[in-house]
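K.L.:
One structure, pasted below without further comment.
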């Protein structure tokens, strides 16, 4: 009677041994992660879990640490986790020495008193493009430096446009864009796809149209703002955009574009690598503003910042590591790997010299705006949430654009500081 | 019911009665030794998060005071804000619908499958094991798979529907259908749990009962209604209660499929709590904790109902 | 109450039942098939409208990535899963025995508290654990994760063991006592051997929950050198980009050993419980 049980236990023990061996073999090679002494080991958190110990990025981080005289333990997290983890760690008094984090979060962390200013560190930020550092400025103080920027533009399917008789150079404002979309729909393709999901990603995609209409984040109910929402709503009504945009992430939108039957997709610099693999001819144009010209697009990309530590003495090495990471030579490698545009002009020129296709992106980044700029700081997330709520309601038909934006403005005004 | 057959003992003298009492309390002490690991668990791993959560909901936390830990105590203000929020009523309604519809279908389908598998046939063991595969998959994968299948344009479900001449349904992007979509996915994920427990329960019913019923000429349905179901009652009760508690907590599926949208049409208390705490760039920990606590309270009430029900049943 | 072996439950049904069983299983597993389908799809076909029902232009790129990267993660998941089962059984079985048979005062309250414990949403638990682990300095350890994962299964395990062991006839207990056994010997030599059903059930659930857990792994072990497969998936989730065929391929490969374990474990439940010590 106990035989079956013994067999089960035996199986479990064998399984455990096997598992332990597999795990040990796998990790034995790679991890010589230094958790040596307390004071000479610096913690570094970034939102790039796709890079492991063998990647160039991690090697760069570790070598910057070495040149600063300390050993660096680096951990990659999912970007949406990083904010709460940093806050929790700071609460417990165990904040990491350095974090690389999405730029709109900087003001939230700065407001929480978690970050040091660049003055505290003794860091010189003059060589960085001002419109990019603005996202990390709160009440006149700078709380980190950008390591790279990306922004949005319109990729187009050149083959499809040619078949529909659309000249991409003719898309200069909203009217010409709508005309192009109508022509594409007439030929049986989908006109445009984008990400209109009810998260920060959706707001990110909405902002070029919002700013391009002349609207300002401080007043969501202006007629310009409403016209931007109606642009999207009309695309859905007329069938120029597929219904899935309401739930699309930027990746999903890109996948729809790669399937080959959509004329335009609104997407970012980071897709340049994937764009090379597209099975059709493609091109990039900047997002048109309502009345013509390029619409200001929001800046994506991360900042490197230094959380406050109990021991001020640590800041010296921290500053050296940050300088090393943002050194022009290192920036070139990092930004090329991440498909970002560098935040320093000299490096941007080098990027264009290496790859001429990046020129429109460099221009776009030059015209771009930080979401938390204009000293919106921690008010931005509040406004953004109301904004995505509003365009979601309008796109699903639950409310008219006007009513939705009015409600959003009222709610935001009640909650901002 | 600690009683051993009294006829086996002759305990009439005072000293032996004292000895019996001593033995019982010795055994009681012993029992708590067996329970020591579980108790340690409860205190360290459950009491502390609960306490923190209660604390979070009773203070006015900004990100700054969260880190420095000096938030002012505001009593039940967070709860009042929650009740006034326009999302509250939809969240409660959706939670109720989501929970009861999910459990209803999960239980019914699980029971039907358990009955089906109760008599063994070739491959029944393997097939039953395969039914558990949905539970192996990390929720990010199952939820994403359902998202793909229910996509308005490129989803296989809509392809099938249009192939049969029915209109395309915007499962995830229409406020009318989003709740149904997440309920369907949730039912699928919950069937294995019900199947396994109800099957165990069915297996524990001895054969003689079924044979006696068959001898009396009872049909399959009558046997099921009047014999199987009542005998399964305690197992069903615990399955339904646990199912209720787990479904109340469900978050990943809804979040990955629809983020509670569009326009809060599939928001439940669970997703609302997460949305408040982690859904935007600026966390609101106080209201998030308040919603979370509300959820726990509701589950608590149902737990009490269950205990009462079990007491009533035991006394019958 | 006697428990007869499974094979004599009614007459074995015809092949027709097996066919119906296969159809039902296929219906239930269709989303799993779809997952496999996606894992073999080229990135450019991912959002094709209408979708390919079979992977017409298959690519093994996802699987190549998985075999290249994920084996250590699989090993860790297996290790964590098995250890969680062991820990859960060690904590829950004696507790179930105590609550069912030894019936101490306050046992009812404890049962209720255990029920309540399962009502706490995962994210609240994870945040609490993070604070505790951070203070104890045990974040990023695989065994810390085992402890955290077991908290998912322990209350459930105690309830299942209590329910099952309450059904063990008291005559069995008194028979053991007459034979001179104390509570421990009764537990180990009498109660446990006939508790195979709940042991397998609780083990199954503990393993499955630990295997597919993501929220504790991501909160508590993100930086560790031994990470489970649910975190291994993050290799394919960048901050702006996701490689879905690799993600689905990881899920497929991760399911195989676990499915194998499941099929084996089911046999032990199917083997039935042999006759107890007390006959009718």
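The values are calculated or read from the model by the stated rules, or taken from the named source; none is laboratory data. On a predicted model such as this, the values are computed, not experimentally measured, just so you know. Here the Cβ is made from the backbone with ideal geometry for all residues, glycine too, and neighbour counts use every protein chain on show.
K.L.:
So which helices (runs of 4 or more DSSP H) stay within the range A:228-325 end to end and still have 1 or more residues that are not assigned by TED's automatic domain parsing to the domain that holds residue A:134?
P.N.:
Those helices (runs of 4 or more DSSP H) span A:250-258, A:272-275.
K.L.:
Being assigned to a loop (DSSP other than H, G, I, E, B), surrounded by fewer than 22 Cβ atoms within 10 Å (Cβ to Cβ) and touching a residue at least 60 places away in the same chain (Cβ under 8 Å) is the filter here; which residues of the range A:326-345 pass it?
P.N.:
Scanning the range A:326-345 gives a single hit, A:339.
K.L.:
Restricting to helices (runs of 4 or more DSSP H) lying wholly in the range B:73-168: which have 3 or more residues that are closer than 24 Å to residue C:22 by Cα and at the interface with chain C (Cβ under 8 Å from one of its Cβ atoms)?
P.N.:
B:88-118, B:124-130, B:133-136, B:139-149
K.L.:
Which numbered condition trips up residue C:210, out of (1) in contact with a helix residue (DSSP H, G or I) (Cβ under 6 Å, 6 or more places away or on another chain); (2) farther than 17 Å from residue C:78 by Cα?
P.N.:
(2)
K.L.:
Same structure again: Exactly one of (1) touching a helix residue (DSSP H, G or I) at 6+ places or on another chain (Cβ under 7 Å); (2) surrounded by fewer than 20 Cβ atoms within 10 Å (Cβ to Cβ); (3) under 27 Å from residue B:264 (Cα atoms) is unmet by residue B:122. Its number?
P.N.:
Checking residue B:122 against (1) touching a helix residue (DSSP H, G or I) at 6+ places or on another chain (Cβ under 7 Å); (2) surrounded by fewer than 20 Cβ atoms within 10 Å (Cβ to Cβ); (3) under 27 Å from residue B:264 (Cα atoms), the one that fails is (3).
K.L.:
Additional query: Which of (1) away from chain A (no Cβ under 12 Å); (2) within 22 Å of the chain's Cα centre (by Cα) is the odd one out, the single condition residue C:83 does not satisfy?
P.N.:
Going through (1) away from chain A (no Cβ under 12 Å); (2) within 22 Å of the chain's Cα centre (by Cα) one by one, residue C:83 breaks only (1).
K.L.:
Scan the range C:188-197 residue by residue and report those that are more than 8 Å from chain B (Cβ to nearest Cβ) and touching a residue at least 40 places away in the same chain (Cβ under 8 Å).
P.N.:
Hits for the range C:188-197 are C:190, C:191, C:192, C:194, C:195, C:196.
K.L.:
What tally of residues in the range B:46-70 results from selecting those that are outside any helix (DSSP H, G or I) and touching a residue at least 40 places away in the same chain (Cβ under 8 Å)?
P.N.:
Here the count works out to 3.
K.L.:
Please find, within the range C:25-53, the residue that is farthest from residue B:162 (Cα to Cα) out of those that are within 7 Å of another protein chain (Cβ to nearest Cβ), in a helix (DSSP H, G or I) and without any contact (Cβ under 8 Å) to a residue 12 or more places away in the chain.
P.N.:
For the range C:25-53, the residue satisfying everything is C:25.
K.L.:
Could you list, in sequence order, all residues of the range B:41-53 that are more than 20 Å from the chain's Cα centre (by Cα) and surrounded by 15 or more Cβ atoms within 10 Å (Cβ to Cβ)?
P.N.:
B:41, B:44, B:48, B:52, B:53, listed by residue number.
K.L.:
A further question on this structure: Which condition from (1) modelled with pLDDT under 90; (2) in contact with a strand residue (DSSP E or B) (Cβ under 8 Å, 6 or more places away or on another chain); (3) in a helix (DSSP H, G or I) is the one that residue A:348 breaks?
P.N.:
(1)
Condition check ((1) farther than 21 Å from residue A:386 by Cα; (2) out of contact with any strand residue (DSSP E or B) (no Cβ under 8 Å at 6 or more places or on another chain)) across all residues:
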residue	(1), (2)
A:209	no, yes
A:215	no, yes
A:220	no, yes
A:229	no, yes
A:232	no, yes
A:240	yes, no
A:248	no, no
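K.L.:
Can you tell me how many residues within the range C:95-111 are touching a helix residue (DSSP H, G or I) at 6+ places or on another chain (Cβ under 6 Å) and outside any helix (DSSP H, G or I)?
P.N.:
So the answer is 1.
K.L.:
Okay, moving on. What is the number of the single condition among (1) more than 25 Å from residue A:361 (Cα to Cα); (2) not assigned by TED's automatic domain parsing to the domain that holds residue A:382 that residue A:136 does not meet?
P.N.:
Condition not satisfied by residue A:136: (1).
K.L.:
If you scan the range A:369-417, which residues turn out to be out of contact with any helix residue (DSSP H, G or I) (no Cβ under 6 Å at 6 or more places or on another chain), in a loop (DSSP other than H, G, I, E, B) and under 14 Å from residue B:86 (Cβ atoms)?
P.N.:
Hit for the range A:369-417 is A:398, nothing else.
K.L.:
Mind telling me which of the residues C:54, C:24 ends up being farther than 30 Å from residue A:242 by Cβ and either more than 23 Å from the chain's Cα centre (by Cα) or modelled with pLDDT of 80 or more (or both)?
P.N.:
After ruling out the rest, the residue left standing is C:24.
K.L.:
Next question, about the same structure. Which of the residues that make up the range C:160-174 are in a helix (DSSP H, G or I), surrounded by fewer than 18 Cβ atoms within 10 Å (Cβ to Cβ) and within 11 Å of another protein chain (Cβ to nearest Cβ)?
P.N.:
Once the filter is applied, which keeps residues that are in a helix (DSSP H, G or I), surrounded by fewer than 18 Cβ atoms within 10 Å (Cβ to Cβ) and within 11 Å of another protein chain (Cβ to nearest Cβ), the range C:160-174 yields C:166, C:170, C:171, C:174.
K.L.:
Among the listed residues C:49, C:69, identify the single one that is under 30 Å from residue A:245 (Cβ atoms) and at pLDDT below 85.
P.N.:
Only one candidate qualifies: C:49.
K.L.:
OK, next. What residue, among those in the range C:230-249 that are over 19 Å from residue A:249 (Cβ atoms) and modelled with pLDDT under 85, is nearest to the chain's Cα centre (by Cα)?
P.N.:
Of everything passing the filter in the range C:230-249, C:230 is nearest to the chain's Cα centre (by Cα).
K.L.:
Let me ask something else about it. Please find, among A:177, A:207, the residue that is closer than 18 Å to residue A:158 by Cβ and part of a helix (DSSP H, G or I).
P.N.:
None of the others qualify; the one that does is A:177.
K.L.:
Is it the case that the range A:348-366 has a residue that's surrounded by 21 or more Cβ atoms within 10 Å (Cβ to Cβ) and either facing chain B (nearest Cβ under 10 Å) or more than 30 Å from residue A:274 (Cβ to Cβ) (or both)?
P.N.:
Looking for residues that are surrounded by 21 or more Cβ atoms within 10 Å (Cβ to Cβ) and either facing chain B (nearest Cβ under 10 Å) or more than 30 Å from residue A:274 (Cβ to Cβ) (or both), one finds none in the range A:348-366, hence no.
K.L.:
Then there is this: Need the failing condition index for residue B:229 against (1) loosely packed, with under 13 Cβ neighbours inside 10 Å; (2) within 11 Å of another protein chain (Cβ to nearest Cβ), just the number.
P.N.:
Only one criterion is unmet by residue B:229, namely (2).
K.L.:
Counting only residues that are in contact with a strand residue (DSSP E or B) (Cβ under 7 Å, 6 or more places away or on another chain) and within 14 Å of chain B (Cβ to nearest Cβ), how many does the range A:163-206 have?
P.N.:
7
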